[in-house]
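Below: one structure, written as structure tokens.
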Amino acid sequence: MLENKIKSKAEIRAEKLLPGNQNFTTITDDIAGVPESKKTPIQWWLLFGFALSLLAIFAGSVGFLIWEGTGIWGINNPVFWGWAIINFVWWVGIGHAGTLISAILHLFRQNWRNAINRFAETMTLFAVICALVFPGIHVGRIWVAYWFLPIPNQMGMWPNMRSPLIWDFFAVFTYFTVSLLFWYTGLIPDLATLRDRAKTNLKRKIYGFFALGWRGGNRQWQHYELAYLVLAGISTPLVLSVHSVVSSDFATSIIPGWHTTIFPPYFVAGAIYSGFGMVMTLSIIARKVYNLGHIITLEHLDKMAQIMLLTGCMVGYAYSMEFFVAWYSGNAYESFAFVNRALGPYWWGYWAMIFCNVVVPQFFWFERYRRHIPFLFITSILVNIGMWFERFVIVVITLHRDFMPGAWAMYNPTIFDVSIYIGTFGLFFTGFLLFLRFLPMVSIAEAKLVLPESNPHHGHEE
Amino acid sequence: MNTYGVIARFDTPVALVHAAEKVRDAGFKDFDCHSPFPIHGMDDAMGLKRSKLGYVIGVMGLTGALFGFGLQTWIHSIEYPMNISGKPFFAYPAYAIITFELMVLFSAFGAVFGMMYFNSIPRFHHPVFYSDKFSRVTSDAFYVSIEISDPKYNEEEVKSFLEKMGGTDIEVLKDEN
């Protein structure tokens, strides 16, 4: 056989996704080496300290909110949904990329996801926790938040199952639980790896406990793979449903600017857009701090940028279609709501959204921008700023001027709106940094599947 | 000291698949092939039947959907019919979402806990863990294990059988006492 035979497709792909001379051993060493290392990078400690101080702000602000009530926020009549709802939708949206990457790309056999799926799933978990905080605290009397649940009680009182707000509760709660199960299932073989490599007895016991006695036998992999496939299969409609249900909180109302059928797909596209932005931000930091540039490669960043371009264009289409329909409907209130978004007192919010979500991703048509790391880093942050403004536009600008000019008012957030929002970053990053420190941030078992030699049918031509 | 079986190491996934085929053809039943990641085509090589997990998930999903729809119907039609903005008591289109969510939730529980049931995990003690070298199986080693419970098991024969097909680091699994 010729020495320099034509490379198979699998080999070419593997070279791009796992460059250099990598094999099963080096992959394990590189990925497991991060949680195993005795030395924690100084950047980690700095970030962790920062995250903990934000968490303290969070705890203080939420404590004061519970003590004092939602009056400490800037909400008023008519803007009775302020930052709490904006932040809720924003965090849930970010949480969408995780399941999209792990489930939908798994079903489409997109192997490149194997380097970033663990990362994205973890981001999802903490983002959804941050999101769930807001409906939890915005009800005011949070000690009765369990009234969301259909629990038999002496008052004979049940949640109204015909209300989108309770659909939302079920959707986000299910999403969190399924994401947690998906994440943990993916983690079991890797926990077994950490157990088998552990140097101390305590580590072996802790990792071993959570690895559930995994021994990598094919009799286990058989059921495991089916479970993972089915989880991916059911998460796919789930992830599309979650933000659709969130959008129905708005779309089922009769407020001009909210009452539209474009909301569900438009919300889902925006959610994926912002989620990929967050995965991009976090993976650029992590690959730099932990020198994992050969596992999370430019190829991965390039592909994420392409998805951001696609979803950014979808969001841009939705913005223009909203305007078109507002004009085409001939409804005076609907037309006014949109003109007011672009030219009213909050025009800056609208144009910040257009700039970040429509203009900025257009650079991703060009390969040099998709592979320019500082550019990607700044863009990925702009994406999430843009998506925050999108929810600001939807919530605040729509509510502040509806049908009757006599009911119009301006909305001003207070220091507590800001501090609780900033505080959720503390919650998010504390969790995420602990994950980076103690668990493998890339799926060890799945990263190996990218190597051509993992497939026994590879090189079977002879 | 008790004996539990024999393990042999192979270097590549290809070698493991070929070994599995030979062990299967030799008529062994209580054997397993251990690898750091799932290997494509291994189920056939070992002669395993399709996993029954799919049925469990299907039944759980259906249960979830029925429970979700039934819960909402019962609450608003039977337990406490309440007129809220003139909506009908049996507003079945509005029940679609929670029905769907509970179907997904129950299926996910079925998938994960069903997988644990079929794999009999958590199980923290297993004879393969008596081998120190075996711990590499979660990183870069590929092992075949044949257990003593197999009717065709004969320690010396199994050892030479595994050695002949290219297995290295052949070990008899024994406990400490």
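Some notes on this structure:
- Residue that is nearest to the other protein chains (Cβ to nearest Cβ), among those in segment A:230-247 that are free of Cβ contacts under 8 Å to residues at least 40 places away in the same chain and farther than 27 Å from residue B:53 by Cα: A:244
- Residue selected from segment B:100-158 under the condition of a type in the set (Asp, Glu) and surrounded by fewer than 22 Cβ atoms within 10 Å (Cβ to Cβ), by the criterion nearest to the other protein chains (Cβ to nearest Cβ): B:140
- Among all residues of segment B:84-98, there is none that is within 7 Å of chain A (Cβ to nearest Cβ), surrounded by fewer than 19 Cβ atoms within 10 Å (Cβ to Cβ) and not in a loop (DSSP other than H, G, I, E, B).
- Scanning segment B:22-35 for residues that are over 11 Å from residue B:142 (Cβ atoms) and either buried (at least 17 other Cβ atoms within 10 Å of the Cβ) or more than 12 Å from chain A (Cβ to nearest Cβ) (or both) returns B:22, B:23, B:24, B:25, B:26, B:27, B:28, B:31, B:32.
- Residues being in a helix (DSSP H, G or I) and free of Cβ contacts under 8 Å to residues at least 24 places away in the same chain - total across segment B:118-135: 2
- Residue count for segment A:30-59 satisfying the condition of being in a helix (DSSP H, G or I) and touching a residue at least 40 places away in the same chain (Cβ under 8 Å): 20.
- Residue B:86 over 19 Å from residue A:233 (Cβ atoms) and at pLDDT below 85: no
- Of all residues in segment B:135-177, exactly one satisfies the criterion of being in contact with a strand residue (DSSP E or B) (Cβ under 8 Å, 6 or more places away or on another chain), of a type in the set (Phe, Trp, Tyr) and modelled with pLDDT under 85, namely B:153.
- Residue match in segment B:164-174 (condition: assigned to a helix (DSSP H, G or I), under 27 Å from residue B:45 (Cα atoms) and over 28 Å from the mean Cα position of the chain (by Cα)): yes
- Segment A:204-229: number of residues that are within 7 Å of chain B (Cβ to nearest Cβ) and among the charged types (D, E, K, R): 3
- When residue A:294 is tested against the conditions (1) more than 14 Å from chain B (Cβ to nearest Cβ); (2) assigned to a helix (DSSP H, G or I); (3) closer than 30 Å to residue A:451 by Cα, the lone failure is (2).
Matching residues to (1) out of contact with any Phe, Trp or Tyr (no Cβ under 9 Å at 6 or more places or on another chain); (2) closer than 30 Å to residue B:136 by Cα:
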{"site": "A:110", "(1), (2)": "yes, yes"}
{"site": "A:126", "(1), (2)": "no, no"}
{"site": "A:142", "(1), (2)": "yes, no"}
{"site": "A:146", "(1), (2)": "yes, no"}
{"site": "A:166", "(1), (2)": "no, no"}
{"site": "A:179", "(1), (2)": "yes, yes"}
{"site": "A:193", "(1), (2)": "no, yes"}
{"site": "A:200", "(1), (2)": "yes, yes"}
{"site": "A:210", "(1), (2)": "no, yes"}
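- Restricting segment B:53-72 to residues that are buried (at least 18 other Cβ atoms within 10 Å of the Cβ) and facing another protein chain (nearest Cβ under 9 Å), the residue that is farthest from the chain's Cα centre (by Cα): B:72
- Verdict on residue A:95 being in contact (Cβ under 8 Å) with a residue 40 or more places away in the chain and under 30 Å from residue A:400 (Cα atoms): yes
- Only helices (runs of 4 or more DSSP H) whose full extent lies in segment A:90-203 are considered here, and the ones with at least 3 residues that are touching a Leu at 6+ places or on another chain (Cβ under 9 Å), away from every other protein chain (no Cβ under 12 Å) and surrounded by 20 or more Cβ atoms within 10 Å (Cβ to Cβ) are A:117-138.
- Scanning segment B:94-136 for residues that are under 12 Å from the mean Cα position of the chain (by Cα) and polar (S, T, N, Q) gives B:119, B:120.
- Listed conditions (1) assigned to a helix (DSSP H, G or I); (2) over 21 Å from residue A:215 (Cβ atoms); (3) at the interface with another protein chain (Cβ under 9 Å from one of its Cβ atoms) are all met by residue B:50, apart from (1).
- Test result for residue A:121, closer than 28 Å to residue A:387 by Cβ and among the acidic types (Asp, Glu): yes
- Any hit, segment B:1-18, residues being in a strand (DSSP E or B), more than 11 Å from chain A (Cβ to nearest Cβ) and surrounded by fewer than 23 Cβ atoms within 10 Å (Cβ to Cβ): yes
- Within segment B:122-145, being in contact with an Asp or Glu (Cβ under 7 Å, 6 or more places away or on another chain) and more than 11 Å from residue B:35 (Cβ to Cβ) holds for B:130, B:131, B:133, B:135, B:145.
- Among the residues listed as A:177, A:185, A:193, the single one being within 21 Å of residue A:117 (Cα to Cα), over 24 Å from the mean Cα position of the chain (by Cα) and hydroxyl-bearing (Ser, Thr, Tyr): A:193
The values are calculated or read from the model by the stated rules, or taken from the named source; none is laboratory data. All values derive from a computational prediction rather than experimental measurement. A quick note on method: Cβ atoms are made from the backbone with ideal geometry, for glycine too, and the neighbour counts reach across all protein chains shown.
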